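Colleague: Please see the structure below; I have some questions.
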Amino acid sequence: MALQVRSYANALVLGVAGRLDQDNCEAFRADLMVHVERSAHDGGAVILDLCGLEYISSAGLRCFLLASRQAKTQHGRIFMAALQPMVAEIFEISHFNMVFQVFPTVREALAAASSEAAAAFDLT
Amino acid sequence: MTMRIRFWGTRGSIPVALTSYDIRDKLARALVEASGRTFASYEEAHAFASTELDFSITHTFGGHTPCVELDLGGEEYFVCDVGSGARPFGVHVLAKQSRRPATVNVFMSHVHWDHIMGFPFFGPAYVPGTRIRIHSCHDVCEQAFRLQQAAPCFPVAFSQLAASIEFVKLEPDKPHEVSGLTVTPHLQLHSGDSFGYRFEKDGKRVVYSTDSEHKLENRAEAEGFAAFFRDADVVIFDAMYALADAISVKADWGHSSNIVGVELCQMANARHLVLFHHEPANDDATLEGLLKEARRFEELTRSGEPLKVSAAYDGLEIEP
């Protein structure tokens, strides 16, 4: 599962697509952690753009949780954005909507990250 | 011969009881739901309560700690764990035996207190002629049973019990024949280890898997449990927490979630998942919410035959 990477000021947007489950979660987690370590520190944010994510299992949710923990230790943040209805429902069912900040759009998540990140998005 | 599963205790960690506040809350919610309707008789009101109100208003999941009976329809009794639910189970055995001594086969998941605390109150243990065989994979099983009845914690020492009590050591992942029932224990992740049991008889397969944490990143572990649950008619599963809690603030506490229960049962092609070992801090409405969420998750992720999902409650009886 390849991550689509876009950068806006102090925020990095990672596009996640397809299915995230036990079959691919470890490779995904390793990729994600590289980006989190580089970008989600000292006020910086990583935004996971989930508009292309069709399904996520408990193992996939755990990857997000580990990434969030890593970001917190670095004083960074992770936001979720643009969840498809089924994935949004899985977030609610598993109570992960209470763990992460979830935004309807990437633009709104960027605005929560910083006004500079939202302005950079608006220029594209 | 029909197998029947009877849940005498379904709560984890410590017994709980409804409070007067809880009862008032249920009554108030029922009155709101009735919304000014009037009922000409008790029967009419009862029918309304039975058909139109949520389980969490009209019932309670109960508060006894784990004790689950497998009734094979024969002379002997089979029971998983002897938490505080063993007290009402003992009352049931005494009533059914009407003074005849019983033979009771116990299968211990582990010896944490919530799983043994009912034994000093298990009536048949005080009846001469009763035979109790306590099966376990733990070396410390007998020590734990004796310890909880040692002075100054309890007035009757284990050695004073009138029943003939035998401790039987089982080997993990090996099928054992116990009075016509095939029993296979399986090691689980829990402080001090716990063991699940797969019971098989006359083509029926029941798995009792409580006090078991699952590490989601470990595919081999998941496949091992899928094999242990394979084609089970019923899987009684430790679903103490919601997934987010189970893998964050309560990681390494030795318990699992409703969501992982659904995933493992789907992998295993099991037919019926029973959520078990309920968190003592959860009220009835919260437990009903976790059940509804598990059922919805099963619908969303279903790829083959539907998996039935229930939540155990004290007094529930099911046929595999």
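Colleague: Could you compute the longest span of chain B free of GluC sites (Glu not before Pro) located in DSSP loops and having at most 16 other Cβ atoms within 10 Å, not counting the site residues?
Modeller: It works out to B:77-216.
Colleague: For B:Ile247, B:Ile165, what ranking results if the residue with the fewest other Cβ atoms within 10 Å of its Cβ goes first?
Modeller: Numbers: B:Ile247 29, B:Ile165 19.
Placing the least packed residue first, the sequence is B:Ile165, B:Ile247.
Colleague: Once you've got the GNM for chain B with C-alpha springs shorter than 10 Å, pick whichever of B:Ser209, B:Ser56, B:Ser257 has the biggest mean-square fluctuation.
Modeller: It is B:Ser56.
Colleague: Work out how much length B:Asp231 to B:Glu217 would gain on full extension: take 0.36 nm times their residue separation and subtract the Cα-Cα distance, in nm to one decimal.
Modeller: Length difference between fully extended and current span is 2.7 nm.
Colleague: Once R0 is set to 25 Å, what does the formula 1/(1 + (r/R0)^6) return for the Cβ-Cβ distance between B:Lys169 and B:Trp253, expressed as a FRET efficiency to the nearest 0.05?
Modeller: 0.35
Colleague: Student exercise: in the protein assembly as shown, how many lysine pairs 8 or more apart or on different chains have Cα atoms under 17 Å apart?
Modeller: 4
Colleague: Right, another one. Using a 10 angstrom cutoff on alpha carbons, build the Gaussian network for chain B and name the most mobile of B:Val32, B:Val82, B:Val207.
Modeller: Top of the fluctuation ranking is B:Val32.
Colleague: Report the charge-dipole magnitude of region A:10-81 in Debye, nearest 20, computed about the Cα centre from +1 at each Lys and Arg Cβ and -1 at each Asp and Glu Cβ.
Modeller: In debye, rounded to 20, region A:10-81 gives about 260.
Colleague: Further question: Where Rh is the Kirkwood radius over the Cα pairs of chain B, the temperature 10 °C and the viscosity 1.306 mPa s, what D in µm²/s does Stokes-Einstein return?
Modeller: 78
Colleague: Next question. So if I take the alpha carbon set of the protein assembly as shown, get Rg, then get Rh from the Kirkwood formula, what is the Rg over Rh ratio?
Modeller: Radius of gyration relative to Kirkwood radius: 1.05.
Colleague: With each pseudo-label sitting 7 Å past Cα toward Cβ, what's the B:Val140-B:Tyr42 distance in nm, one decimal?
Modeller: Spacing of the two 7 Å Cα→Cβ label points: 5.1 nm.
Colleague: If you don't mind, there's one more thing I want to ask. Can you find, among A:Ala111, A:Leu14, B:Phe78, the residue sitting farthest towards the positive end of the charge dipole of the protein assembly as shown, where Lys and Arg contribute +1 and Asp and Glu -1 at Cβ?
Modeller: Selected residue: B:Phe78.
Colleague: What is the fewest-to-most order of B:Asp233, A:Asp42 by other Cβ atoms lying within 10 Å of their Cβ?
Modeller: Result, fewest neighbours first: A:Asp42, B:Asp233.
Colleague: Here is a further query. If I take R0 = 30 Å and measure r between the Cβ atoms of A:Arg38 and A:Ala112 in this structure, what FRET efficiency does the formula 1/(1 + (r/R0)^6) give, to the nearest 0.05?
Modeller: E(calc), rounded to 0.05, equals 0.90.
Colleague: Please get the size of the charge dipole for region B:12-129, origin at its Cα centre, with Cβ charges of +1 on Lys and Arg and -1 on Asp and Glu, quoted in debye to the nearest 20.
Modeller: In debye, rounded to 20, region B:12-129 gives about 380.
Colleague: Over chain B, what is the relative contact order in whole percent, taking alpha-carbon pairs under 8 Å and six or more residues apart?
Modeller: Relative contact order here is 18 percent.
Colleague: Nearest 20 debye, what's the magnitude of the dipole of the protein assembly as shown about its Cα centre given +1 on Lys and Arg Cβ and -1 on Asp and Glu Cβ? Kindly include the intermediate steps, with their values, before the conclusion.
Modeller: Working: 39 positive and 57 negative charges, 125 e Å.
Taking the Cα centre of the protein assembly as shown as origin, the dipole is about 600 debye.
Colleague: If we restrict to alpha carbons, what Rg and Dmax does region A:10-81 come to, in Å?
Modeller: 11.3, 33
Colleague: A further question follows. With a cut-off of 8 Å between alpha carbons and a minimum separation of six or more residues, what is the relative contact order of region A:10-81 in percent?
Modeller: That works out to 45 percent.
Colleague: Right, next: Would you mind ranking B:Thr182, A:Thr73 by Cβ crowding within 10 Å, fewest neighbours first?
Modeller: Fewest-to-most ranking of B:Thr182, A:Thr73: A:Thr73, B:Thr182.
Bear in mind that the values in this text are calculations on the coordinates, not laboratory data. Since the model is a prediction, treat every value here as computed from it, not as a measurement. Note that each Cβ is placed from the backbone with ideal geometry, even for glycine, and that neighbours are counted across all protein chains shown.
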